[in-house]
Structures are given as C-alpha cells and as structure tokens.
Amino acid sequence: MTTELLLDHLTKQLRIPTIAAQYRSLAREAEDRNLRYEEYLLALLEIESESREENQRQRRLKQAAFPVHKTLDGYDFSLMPSLNRNRFLTLSKGDFVEKKENIIFLGNSGTGKSHLATGLGIEMIKNGYKVKFISAAELVEELLLANEEHKLGALEKRWLKFDLIIIDELGYVPFSKIGAELLFQFFAGRYERASVMITTNLEFTEWTSIFGDEKMTAALLDRLTHKAHILLLNGESYRFRQSMNQREDIDQ
C-alpha cells in the first residue's frame with residue numbers, strides 16, 4: 001500500500017473526514033512555507049476540530065427546531081425604545097443558562113418577542129448549549145399525550161437534556177384544566193434545574209386565565225420569576241413599524 005492509501009484508510013477508520021479531505025493540500029502548503037512537522041500537525045488538528053464544532057452547532061440548530069431563523073443582529077432595536085440592546089448582548093453570553101435563570105418576554109402581538117427569543121436561542125447554540133423551541137400549545141399537546149400513555153417521567157427526562165427550552169406564545173391558546181396542571185408540573189420540574197424562556201402577550205395578572213386556579217398560578221409565577229430576567233416590549237407592533245420603514249425606503 002502507498003502512504004496515501006494508508007492515510008486514506010486510517011483517516012476513515014479514525015473518523016477524521018476533514019483531515020482526510022485536507023491533508024494533501026495542507027502538506028503542499030506546509031512544504032511551500034517550510035513549516036515544521038509540528039506546525040503541519042497542528043494545522044490538521046485545528047481544521048478537524050473546527051469542522052467538528054461547526055457540525056455540532058448545525059446539529060444543535062436542527063434539534064432546536066426554530067420555525068424561522070432569526071438573529072439578534074436582524075432585530076432593529078431603534079423600533080422598540082423600551083429595550084436595552086446592551087442587555088441582550090450580556091444575555092447572549094449565556095450566563096443566565098449557567099445560573100439556571102429564566103427569561104420572560106412580555107408584550108403585545110407583533111412586538112418581536114419570538115424574534116428576540118429565537119435570536120438569543122441561536123446565540124446559546126453558538127455557545128455550546130442545547131436548545132429547544134416549541135409553542136406552548138404544542139408543549140401541552142405533548143404533555144397530554146405522555147400523560148395518557150403514562151410516559152410523563154420519560155418525557156421530563158428527555159426535556160431536561162436541553163439547557164434551555166423556549167416556550168413561545170403562552171396565553172394565545174387556552175388550555176384544559178389537565179393541560180394547565182401538566183404545564184405547571186413541567187415548569188416546576190425545571191425550577192432551578194434548567195432554564196426556560198417564555199414569550200407571552202399576557203400580563204402576570206392575567207395568567208390565571210391560562211391556568212385557572214389562582215393559587216397554582218401564584219405558585220408558578222413565584223417559581224418562574226424567582227430567578228428571571230423580565231423583558232417588557234411596549235409600544236406599537238414591531239412588525240408594523242418595520243413594514244412601514246421598508247415601504248418608506250422603497251418610496252424614496
């Protein structure tokens with residue numbers, strides 16, 4: 001066997017595909033630049049490491065199941081003066097996930113809550129965390145099905161594998177009594193164990209309309225807000241303002 005055939009065989013066996021694809025071109029470059037063997041080896045290992053990290057990011061991104069890819073850079077903070085851009089830059093570092101803290105977005109429909117939640121979620125994926133995005137209605141459906149099949153424990157363990165769960169549109173769809181109780185249990189199960197991020201159009205005083213029972217609602221809010229960043233989005237619709245600005249640009 002020639003050296004190249006042996007290298008192709010070993011890189012395949014060791015599952016280092018990036019090195020397999022790049023070692024020839026990097027060898028020529030190392031020769032041209034008169035690099036030491038150690039420098040050539042370092043270059044090979046670096047590209048393999050970078051490739052693996054990027055592949056892991058892409059897997060986590062797919063696993064997160066964001067309905068739309070939105071970034072913090074794509075949000076025009078000038079249209080929502082109540083928000084502090086620097087605060088989001090701080091949150092994007094991920095300390096809140098390390099501390100098992102929550103984030104709650106409160107605001108009217110169209111103010112960009114889901115956009116910002118998705119943007120922060122993507123930043124957490126870049127930081128190496130496992131994230132899952134799901135609507136409140138879809139989550140309750142999953143919980144109800146697991147309850148019927150006596151698999152709530154298994155579902156809870158599966159969800160706890162995620163460092164951050166983003167629960168979108170809490171309050172848009174009313175729940176049954178059992179659904180509300182299961183959602184309460186879900187939040188209670190993650191309390192101080194892992195982070196949640198919630199977007200809602202309801203003030204805290206209106207949450208009883210979702211969960212029905214005042215005592216249960218108070219207990220839930222106590223847990224959720226105990227270690228939480230509460231972000232208020234006030235004013236007119238972000239989507240409407242953005243649309244109007246785009247029209248003005250076209251007219252000009």
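Taking amide H positions as modeled 1.01 Å from N, with prolines and chain starts lacking one, the residues under 5 Å from Leu202 and 5 or more places away or on another chain are Gly107. Using the Karplus relation 6.51 cos²θ - 1.76 cosθ + 1.60 with θ = phi - 60°, the per-residue 3J(HN,Hα) values for the range 205-219 come to 5, 9, 5, 4, 5, 7, 9, x, 7, 5, 5, 5, 4, 4, 5 Hz, with x marking Gly and Pro.
Looking at the range 160-208, the trypsin sites (Lys or Arg not before Pro) that sit in a DSSP loop and have at most 15 other Cβ atoms within 10 Å of their own Cβ are Lys161, Arg193. FRET efficiency for the Thr2 to Gln185 pair, using the beta carbon distance and R₀ = 45 Å, is estimated at 0.10. Peptide packing for 221-231, 166-176 was compared via the average number of neighbouring C-beta atoms within 10 Å per residue; ordered from the highest value, the list is 166-176, 221-231. Using a probe of 1.4 angstrom and keeping all protein chains present, the accessible surface of the range 3-61 works out to 80 square angstrom per residue. Can you bin the range 3-61 into rounded, prolate or oblate? Criterion: square roots of the alpha carbon gyration tensor eigenvalues sorted a ≥ b ≥ c, rounded for a/c under 1.5, prolate for a/b above b/c, oblate for the rest. Oblate, since a/c reaches 1.5 and b/c is not below a/b. Length gained on full extension, Gln58 to Ile230: 59.0 nm, using 0.36 nm per residue less the C-alpha separation.
Solvent-accessible surface of the range 95-137, taken per residue with a 1.4 Å probe and all protein chains present: 30 Å².
Remark: the His150-Arg36 segment gains 34.9 nm on full extension, using 0.36 nm per residue and subtracting the alpha carbon distance. Applying a DSSP loop filter and a limit of 12 other Cβ atoms within 10 Å to the trypsin sites (Lys or Arg not before Pro) in the range 36-124 leaves Arg36, Lys93, Lys99.
Element breakdown for the chain at a 1.4 angstrom probe: carbon and sulfur atoms account for 50% of the accessible area. Between their Cα atoms, which of Lys12/Lys132; Lys100/Lys161; Lys99/Lys215; Lys132/Lys227; Lys126/Lys157; Lys113/Lys157 are more than 22 Å away from each other? Over 22 Å Cα-Cα: Lys12/Lys132; Lys99/Lys215; Lys126/Lys157; Lys113/Lys157. Sequence-distant contacts, meaning Cα pairs under 8 Å at least 6 residues apart, place the relative contact order of the chain at 24 percent.
The values are calculated or read from the model by the stated rules, or taken from the named source; none is laboratory data. The structure displayed is predicted, hence computed values, not measured ones. Here the Cβ is made from the backbone with ideal geometry for all residues, glycine too, and neighbour counts use every protein chain on show. Side chains are part of the model used for accessible areas, which takes the heavy atoms of the whole protein and leaves out ligands, DNA and RNA. Shrake-Rupley method; radii C 1.70, N 1.55, O 1.52, S 1.80 Å.
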